[in-house]
Amino acid sequence: MLGLFVAPLAAGASPQPSTTSLLNSRWLWATVDVCSTASSSDVVGIRGSMPGTGNADEHMYMLFRLQYRDSAGAWDYVKKGGKSRSIYVGTSAYVSRQAGLDFRLTASTAAGTELRGEVYFDWRIDGRTEHHAVLTTTAGHLVTAGASPRGLSASHCTIG
């Protein structure tokens, strides 16, 4: 499931933030927004938000990855089906954009498995990356669509 939310810049606004200001923006975050609910016991959803720069020629992309905590306590990538393609989420002419992706788990996922997400954010002009960020999921963000239960924003998800 891919869900988008956009917030337009005020008329006449044309900020040109630096990479540092983008990375420190309150609009840049990643969160778990679906965690194996009764109706979707095999789904973990990851959502990201990224700030716009005000430049309509700049395009924003997100790539989502799912990680699990291994028996030694380290985070590792889910190898099969745990990575999305790079998803276009719109132009950078907006204050922020949100997008999310649900990962369907396999029947072999063990109960008690702890999962989290990682989101790669790219701001591109003519296919060239102008700014880039990578964040792991954290809690406490304003999720505007797709969360289950409604409003869920978690750093990780533990399966049954």
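For the chain, modelled as a GNM whose springs connect Cα atoms under 10 angstrom apart, the maximal fluctuation among S21, S39, S92 occurs at S39.
Once both labels are positioned 7 Å from their Cα atoms along Cα-to-Cβ, the gap between S39 and L23 label points is 4.0 nm. Computed over every Cα-Cα pair of the chain and binned at 5 Å starting from 0, the pair-distance distribution P(r) comes out as 2, 10, 19, 22, 18, 13, 8, 5, 3, 1, 0 percent. For the chain, excluding the exposed loop sites themselves (trypsin sites (Lys or Arg not before Pro), DSSP loop, at most 16 other Cβ atoms within 10 Å), the longest remaining stretch covers 86-149. Picking from G82, G146, G127, which is most flexible by a Gaussian network model of the chain using Cα springs under 10 Å? Per the Cα network of the chain with a 10 Å cutoff, G127 tops the list.
Here the residues C157, C35, ranked from fewest to most Cβ neighbours within 10 Å of their Cβ, fall in the order C35, C157. Working note: Cα atoms of region 29-70, range along each principal axis, descending, whole Å: 42, 26, 13.
Where a number appears in this text, it was derived from the coordinates with a stated rule and is not lab data. Keep in mind the model is a prediction, meaning the values are calculated, not measured. Glycine also receives a Cβ, built like all others from the backbone with ideal geometry; neighbour counts cover every protein chain displayed.
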